[in-house]
Amino acid sequence: MKQSHDIKQTINMTPELMARIEELLSHYPADKRKSALLPILHDVQDAHDNWLSIELMDKVAEIIGIQPIEVYEVVTFYTMYNQRPIGKYMFEFCQTSCCATRGVEDLMDYTCNKLGVKVGEPTPDGMFEVRGVECLGACGYAPMMQLGDEFKEHLTKEKIDQLIQDCKDGKINLHYKVNG
Ligand code: FES
């Protein structure tokens, strides 16, 4: 698989995006601008096909006035930030205890086999991807996953089949902006 440094990302800091960043920065004192980093990264990622290249992270550091390493630390820590282009429909299965004991690994295998991919690799058409994440705080509804901004709970193979079909039919709304 291509690494993020092999992939060029077009950086487009539109006036609207810059205005939003300035608005977020205005919530904090001048010497605490870093406090706005997480929401800024969300908005910058949303505006850039849902991923953050090194160049884009450097740009964010420059705008906020912090060191690039301070941005890399955050982006590499949280799974909601993507360091490479990801599948349009990202099936994020919780792999923590409750979901694990309720068979999430089987469901992940089933989904990967059905899509013909491995965990962490998008389908060739860029439509789907599967990844495992830590507890999403919906343990009572295990096994569960996040798809876009929604939780999909009490998952079964039949529900996975239906969700894949719903994605293909364009019935799943994603919060983030993606290609196509
Ligand atoms: S263990 Fe899966 S949501 Fe908490």
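No lab work stands behind these numbers, since they all come straight from the coordinates. Values in this document were obtained by computation on a predicted structure and should not be read as measured data. Note that we place each Cβ from the backbone using ideal geometry, even for glycine, and neighbour counts take in every protein chain shown.
Figures for the structure shown
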{"read-out": "Vicinal HN-Hα couplings computed from phi for the stretch 167-172 (Karplus, 6.51 cos²θ - 1.76 cosθ + 1.60; Hz; Gly/Pro x)", "value": "4, 4, 7, x, 8, 9"}
{"read-out": "DSSP bridge pairs, the chain: antiparallel proportion in percent, nearest 5", "value": "50 percent"}
{"read-out": "Charge dipole (debye, nearest 20) of the chain; +1 at Cβ of Lys and Arg, -1 at Cβ of Asp and Glu", "value": "180 debye"}
{"read-out": "Charge dipole of the stretch 4-77 about the Cα centre (unit charges at C-beta), most positive-ward option of Ala30, Tyr72, Gln9", "value": "Ala30"}
{"read-out": "Contact order relative to length of the chain, as percent, for alpha carbon pairs under 8 angstrom and 6 or more apart", "value": "20 percent"}
{"read-out": "Given charges at Cβ of Lys, Arg, Asp, Glu: the chain dipole, positive-most of Ser53, Leu147, Gly116", "value": "Gly116"}
{"read-out": "Within-12-Å neighbourhood charge of Gln146 [Cβ basis; K, R +1; D, E -1]", "value": "-3"}
{"read-out": "The stretch 89-168 - charge dipole about Cα centre, Lys and Arg +1 at Cβ, Asp and Glu -1, debye rounded to 20", "value": "140 debye"}
{"read-out": "Local electrostatic count, Gly65, Cβ distance below 15 Å [Lys/Arg +1, Asp/Glu -1]", "value": "-1"}
{"read-out": "C-alpha long axis of helix 104-115 to longest principal axis of the chain, angle in °", "value": "90 degrees"}
{"read-out": "Helix 68-77 axis, angle to the chain major axis (alpha carbon atoms, nearest 10°)", "value": "20 degrees"}
{"read-out": "Sequence-separation-based contact order of the stretch 4-77, relative, with Cα cut under 8 Å and 6+ spacing, percent", "value": "33 percent"}
{"read-out": "For Tyr89, distant residues with modelled amide H under 5 Å away", "value": "Phe128, Glu129"}
{"read-out": "Rounded, prolate or oblate (a/c below 1.5 giving rounded, otherwise prolate when a/b exceeds b/c) for the stretch 89-168 by Cα gyration tensor", "value": "prolate"}
{"read-out": "Shape parameters for the stretch 4-77, alpha-carbon atoms, Rg then Dmax in Å", "value": "11.7, 37"}
{"read-out": "Any cysteine of the chain lacking a neighbouring Cys Cβ under 4.7 Å - listed by number", "value": "Cys112, Cys135, Cys167"}
{"read-out": "Residues with amide H under 5 Å from that of Asn82, placed H, sequence gap 5 or more", "value": "Leu52"}
{"read-out": "Cα-based reach from Lys152 at 23 Å (exclusive), listing lysines while leaving out same-chain residues under 8 positions away", "value": "Lys88, Lys114, Lys118, Lys168, Lys171, Lys177"}
{"read-out": "Length-normalised contact order of the stretch 89-168 in % [C-alpha pairs under 8 Å, at least 6 apart]", "value": "37 percent"}
{"read-out": "Scattering profile of the chain at q = 0.15, 0.16 Å⁻¹ [log10 I(q)/I(0), Debye over alpha-carbon scatterers]", "value": "-0.91, -1.00"}
{"read-out": "Helix-only mean residue ellipticity at 222 nm for the chain, each DSSP H run of n ≥ 4 adding -39500 (n - 2.57), per residue, nearest 500", "value": "-11500 deg cm²/dmol"}
